[in-house]
Structure formats: structure tokens, C-alpha cells
1. For the list (1) within 13 Å of the chain's Cα centre (by Cα); (2) at pLDDT 95 or above; (3) not polar (S, T, N, Q), I need the number of the one condition that Phe264 fails.
2. Quick one: would you say Glu71 is assigned to a helix (DSSP H, G or I) and within 15 Å of Leu28 (Cβ to Cβ)?
3. List pairs: first in the stretch 30-42 and among the polar types (S, T, N, Q), second outside any helix (DSSP H, G or I), Cβ under 9 Å, 6+ apart or cross-chain?
4. Residue under question is Ser79, and the condition is that it be over 25 Å from Val259 (Cβ atoms) and in contact (Cβ under 8 Å) with a residue 60 or more places away in the chain; does it hold?
5. Does the stretch 186-198 include one or more residues that are modelled with pLDDT under 90, over 16 Å from Asp21 (Cα atoms) and of a type in the set (Val, Ile, Thr)?
6. Read through the list (1) more than 22 Å from Val223 (Cα to Cα); (2) within 17 Å of the chain's Cα centre (by Cα), then give the number of the only condition that Ile67 fails.
Amino acid sequence: MKKTPLCTYTHLGFLINWIMDERPDLDLTFAEIHQAARQKQLIELLRQRFGHVADFGLLRHDSLTNIEHMELALSDAASALEGREAGKACVQRSGLCLAQAVVLEAIQQQFHRFPGQPEPALSHPVAALTDSAGANPAARLSSRLAPLSPPATTDSSHPGTPGRAHSPAGSGLTLSNWLQLVLLVNSLAETSDGEELAFPEVHLAIQGGYFPQLLRAHAQRCVDFSFMESPAGSYDDLNSALRRASAEMRGQEFLKGGVSRNGFSFALALLLVAIRQQFAPIPQETPSALSFADN
């Protein structure tokens, strides 16, 4: 079966983020997400419910996409999160945020899982997460996030291969580090009203090198960025990559990322752009595929 490339999964992440930014009147429930995923119809569910908001046309008809393979991967990812949405995916109520977490988990499973390699636990990036009963489900279920970041490895026979667990040349950050950061921002977007974080603030913070501090200042919960502190130089790599993404999106936030109003959705789009630039460049033979630039 033809494997769907990483750039297609990031495009699905853009589409879900686009929908979240539009703040539809009706969200999806966790039950709807899991049922559709078990039936290998998650993309179809999103298209049916929100096709009037986001354009799923390129995703479904692009030559790079194997929908059958992709639905299977999303089904496996959703199964890994079912019943552990708060502790593992850092989401509590939004089906769209859960769908985004499923995409991130699918990327992890498809591009960072190696036979015979253990999957270490990670520090939970959301330190204070309370449910309606005042309990802390993150602590109750798990304070660790596996398998969202297996150890970085090197492959001397295939240096720089997209989707491998090692990072691009000159970067101390792995794809797993980026996925964990996107998961954190996705969690913050679930509780944000979209009015506390303006797009210019995000651009300015990135240029000034204090993007994590900006997120922490505007978050409605305590967040932990310690997972970005290792290896040495990770913050420098993060800032450099985000500056490139910010430069690409400045003035074209909707055309490039499908966002126009929610600051946390914009932050998430920037991270997806950074991942695409480093790990999942769009093949040159399909310059307009899986890109918002021509939509």
C-alpha cells in the first residue's frame, strides 16, 4: 500500500486548524471522532461537517495522498488516544482539538516508530490541567507523554531522510520535539477565546526570541517548556526555525496558514509551517499541492 507522505498529514493539520480558527457553532464530540476513526472515516467526517469552512479538495484528490492508508493511520492513532484524551492528548472537550491530536499521533506513529526500539516517557507539557470536577486528569492518568517523542537517532546510511527521528543538519530539534510543542499549543487553543493573543504579538515574540514566554504569559494554565531545553541549543534552533516560518507567513496568514482571527491557531499554523519547511517540503513536481498559497 502506498504510504502517504508527511506533508499530507501536515496539510490535514492545517485544515483542522483552519476550522478551529473559524470557531464553528457546533464542534465534534470525542465519541464522534473515535467512531469515525474506527470506521476509517475520520477525514470524511471532517469533510462532511466542515467542508463549507475548509477546502478538503486537494487533500482528497492530490496524487500524493493515499486516503485509505491515511484513514488507517488515523484510526491507529485515535485508538492510542481513546480514553486518555486529557492525559495523553492534553484535550478535554473539543473534538476538533482531539482530531488535531490524532493527526499528531499519526505522524508520530508513521514517521518515528522503529522496530524493537522502546518508547520513553516524556514530561507532560501541561502542568496544571483541571476538569469540571476540579480534578487533575493529567496527573491522574499520566504525567508523561509517550509515544509523542522517542529518542533522536541517527541513520548514517540515510542522513537527512525526511521523517526519520533525527533532526535536519544543524538542528538539535527532532520532529518529535516539534510535535510535542504543537500538541501543547493545540491544548492552549482549546481554552483560548482568541482575543488575548494578536498576530503582531506572535510575530514580534518570534523575532525577539521569546515565543515560549509569550505562550506562557497568555495561557490559562501552567505550561512546561523544559522538554525544549535538551539538547543544548534547542531554543536557538527553535527561534531560527520560527523566524523562517514567520517570514514566510507575515502578511499572508490566511493564504499560507488558513488563519485570520485566533492567536493560538496562528501559533499552531506557524509550527506546522516550520515542520513542513524542515521535515516535509512539498515536492517540486506538485508546487501547488497541499498548500494554501493557491487556494
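The values are calculated or read from the model by the stated rules, or taken from the named source; none is laboratory data. Bear in mind the structure is a predicted one, so any value in this text is a computation, not a measurement. A quick note on method: Cβ atoms are made from the backbone with ideal geometry, for glycine too, and the neighbour counts reach across all protein chains shown.
1. (2)
2. On the way: assigned to a helix (DSSP H, G or I): yes; within 15 Å of Leu28 (Cβ to Cβ): no.
It is false that Glu71 is assigned to a helix (DSSP H, G or I) and within 15 Å of Leu28 (Cβ to Cβ).
3. Qualifying pairs under 9 Å: Gln35/Gln41.
4. On the way: over 25 Å from Val259 (Cβ atoms): yes; in contact (Cβ under 8 Å) with a residue 60 or more places away in the chain: no.
No, not satisfied.
5. The answer is no; no qualifying residue exists.
6. Condition not satisfied by Ile67: (2).
Each row is one residue, and each column tells you yes or no for (1) at pLDDT below 90; (2) assigned to a helix (DSSP H, G or I); (3) hydrophobic (A, V, I, L, M, F, W, C); (4) surrounded by fewer than 23 Cβ atoms within 10 Å (Cβ to Cβ).
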| position | (1), (2), (3), (4) |
| --- | --- |
| Ala247 | no, yes, yes, yes |
| Gly251 | no, no, no, yes |
| Lys256 | yes, yes, no, yes |
| Val259 | no, no, yes, no |
| Leu271 | no, yes, yes, no |
| Arg276 | no, yes, no, yes |
| Ile282 | yes, no, yes, yes |
| Glu285 | yes, no, no, yes |
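Conditions (1) of a type in the set (Val, Ile, Thr); (2) more than 23 Å from Glu253 (Cβ to Cβ); (3) touching a Ser or Thr at 6+ places or on another chain (Cβ under 8 Å), marked per residue:
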residue	(1), (2), (3)
Gln48	no, yes, no
Met70	no, yes, yes
Ala78	no, yes, no
Glu85	no, yes, no
Gln92	no, yes, no
Ala99	no, no, no
Ala106	no, yes, no
